Amino acid sequence: MRFSVRLERVPAVVAMIVLTVTVLGPLYWITVSAFKDRQEILLSTPTWFPQTFTLTNFQQLFLSTDYVIYLRNSIIVAVATTVVTLIVSLAAAYSLYRLRVPGSGRIAGIVLVSYMIPGALLIVPLYKTLSGLELIDTFAGLVLVNVAFTAPFCTWLLRGFLLAVPTELDEAAAIDGAGPARTMLRVVMPLMVPGVATVGVYTFIFSWTEFVFASQFIVSDTLKTLPIGLSALVGQYTINWGLVMAGTVLTLAPTVILFILVGRFFVGGLIAGATK
């Protein structure tokens, strides 16, 4: 019996192994290559481990490129986008799914449908709108665009967590004299920590890796974010793969650290927000 049960688990184990190698294989190769010299990276026979461990690629990345500037810009955009999205999505979710606002069901449906519109189709109208507001080539314009695409999904995601919080708590807070804003901040939001963490991680990663809008709405080199800056390392005829690998590793590091710290909230939050 035990042998047959183990045989039944073989396909699942094989699938997990294949998926792990498929996902982590490229990450391992990029990380290892970042510590190789240029000649070893270009060898026709690849090496699984660096023959000569070196930090030259990282030194050149900081000395010969504007990586520090790109890093600063990405931090500003990602943090600002995350903060604004949290404020907007929490307020929207509470008003749509918690307060008895006329037409809230239809508005919630429109909000979710807006998330399904491909962003590439809106580049031209968004550019004209930001140009009219004089927000082209500014952090504020890029943050507003990012919020416009993250807030609808985050609002819908928070719905499940709001429904899990008993409405009796709102009624008790109202009896004590608390208004809707105070009830949301003091009573409801502390019970939605997994949901807030999920929204924060999703928004930060989205804005940290966003390329399309940043490449179109940011013109100055001093305002470019990491995805745009790293793409500049790829030349027309030659590519310094050492710099590309080192830049990729350092760019991935903040998101990996963030996911390690709050990843359990993110995974559990996606499941809870989709099922509750």
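Nothing in this text is a laboratory measurement; each read-out follows from the coordinates by a stated rule. Please read all numbers here as calculations on a predicted model, not as lab measurements. Using ideal geometry, Cβ is built from the backbone for each residue, glycine included, and neighbour counts are taken over all protein chains shown.
Each residue of segment 118-123 was assigned a 3J(HN,Hα) from its phi angle through the Karplus curve 6.51 cos²θ - 1.76 cosθ + 1.60 (θ = phi - 60°); the sequence is x, x, 4, 6, 9, 4 Hz, with glycine and proline shown as x. Percent of C-alpha pairs per 5 Å bin in segment 1-153, short distances first: 1, 7, 9, 9, 10, 10, 11, 11, 12, 9, 6, 3, 1, 0, 0.
If one computes P(r) from the Cα atoms of segment 80-191, what percent of pairs lie at distances over 24 Å? Please report the intermediate quantities before stating the final value.
Numbers: 2216 of 6216 pairs.
Tail of the P(r) past 24 Å holds 36 percent of the pairs.
If you average the C-alpha positions of segment 125-162 and of segment 202-217 separately, how far apart do those two centres end up, in angstrom? Cα centroid of segment 125-162 versus Cα centroid of segment 202-217: 11 Å apart.
Ranked highest first by the average count of other Cβ atoms within 10 Å around their residues, in what order do 122-130, 157-165 fall? Can you show the working numbers first?
Working: 122-130: 14.6, 157-165: 19.6.
The densest-packed peptide leads the list: 157-165, 122-130.
Hydrodynamic radius of segment 189-235 by the Kirkwood approach over all distinct alpha-carbon pairs: 12.5 Å. Residue-wise HN-Hα couplings along segment 10-16, as the Karplus relation 6.51 cos²θ - 1.76 cosθ + 1.60 with θ = phi - 60° gives them from phi, are 4, x, 5, 5, 4, 5, 5 Hz; Gly and Pro carry x. Projecting the Cα atoms of Thr251, Pro26, Val212 onto the dipole axis of the chain, where Lys and Arg carry +1 and Asp and Glu carry -1 at the beta carbon, places Pro26 farthest toward the positive end. GNM remark for the chain: springs join alpha carbons under 10 Å apart, and the peak mean-square fluctuation among Arg106, Arg72, Arg98 falls on Arg106.
In whole percents, the pair-distance distribution calculated for the chain from its alpha-carbon pairs, binned every 10 Å from zero, is 6, 21, 26, 23, 15, 7, 2, 0. Working note: 222 nm ellipticity from helices only, DSSP H runs with n ≥ 4, each -39,500 (n - 2.57), summed and divided by the residues of the chain, gives -24000 deg cm²/dmol to the nearest 500. Build a GNM of the chain with springs between Cα atoms under 10 Å apart, and of Trp29, Trp48, Trp156 the one that fluctuates most is Trp48.
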